[in-house]
Amino acid sequence: MTAYDIIIRPIITERSMASVADKKYVFEVAPSAGKIEIKKAIEEIFGVKVAAVNTMNVHGKAKRMGAARPGRTKDWKKAVVQLAEDSKSIEIFEGMV
């Protein structure tokens, strides 16, 4: 599994952007990825130094698919990555704040 298989996409929300000033970034990651794999992938892709990784499984919401068909959105895994104090920031988040 490559680093690009582990990190699926950044999460750009108002809540996640509020923590960018503290060098915390939120990503959707592969459900099978562990914290150490996520740390190595972020360091490889963005060239930064990661201090801590927190992960959580996000359960899909119930949604209606047509008239009476109940369905669900997919379950996914979220990682909150805390960069080290002496690390540079991640550029893709810079214009968002």
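The values are calculated or read from the model by the stated rules, or taken from the named source; none is laboratory data. Keep in mind that what you see is a predicted model, and the values were worked out from it rather than measured. Here the Cβ is made from the backbone with ideal geometry for all residues, glycine too, and neighbour counts use every protein chain on show. Areas reflect the complete protein model, heavy atoms only, side chains present, ligands, DNA and RNA absent. Shrake-Rupley method; radii C 1.70, N 1.55, O 1.52, S 1.80 Å.
In order along region 55-72, the Karplus-derived 3J(HN,Hα) couplings, from 6.51 cos²θ - 1.76 cosθ + 1.60 at θ = phi - 60°, round to 10, 8, 8, 9, 7, x, 8, 6, 10, 8, 10, x, 5, 9, 8, x, x, 9 Hz, and Gly and Pro are given as x. Taking every C-alpha pair closer than 8 Å and separated by at least 6 residues, the mean separation divided by the residue count of the chain gives a relative contact order of 31 percent.
Using the rule -39500 (n - 2.57) for each DSSP H run of four or more residues, divided by the residues of the chain, the 222 nm mean residue ellipticity is -5500 deg cm²/dmol. Per-atom-type breakdown for region 27-97 gives carbon and sulfur 54% of the accessible area (1.4 Å probe, protein chains only).
Helix 35-46 axis versus longest C-alpha principal axis of the chain: approximately 70°, rounded to the nearest ten.
Local charge sum around residue 51 (other residues, Cβ-Cβ under 15 Å, Lys/Arg +1, Asp/Glu -1)? Spell out each step's value before the answer.
Details: positive: 23, 24, 35, 39, 40, 49, 88; negative: 22, 43, 85, 86.
Summing Lys/Arg as +1 and Asp/Glu as -1 gives +3.
Across all Cα atoms of the chain, the radius of gyration (one decimal) and Dmax (whole number) stand at 15.2, 54 Å. Estimated at the nearest 10 Å², the accessible area of residue 87 is 10 Å² with a 1.4 Å probe. Residues whose amide H falls under 5 Å from that of residue 8, counting only those 5 or more places apart or on a different chain, are 28, 29, 30, with hydrogens built in the peptide plane. Once the dipole of the chain is set up with Lys and Arg at +1 and Asp and Glu at -1 on Cβ about the Cα centre, which of 66, 47, 18 lies farthest towards its positive end? Of the candidates, 66 comes out farthest on the positive side.
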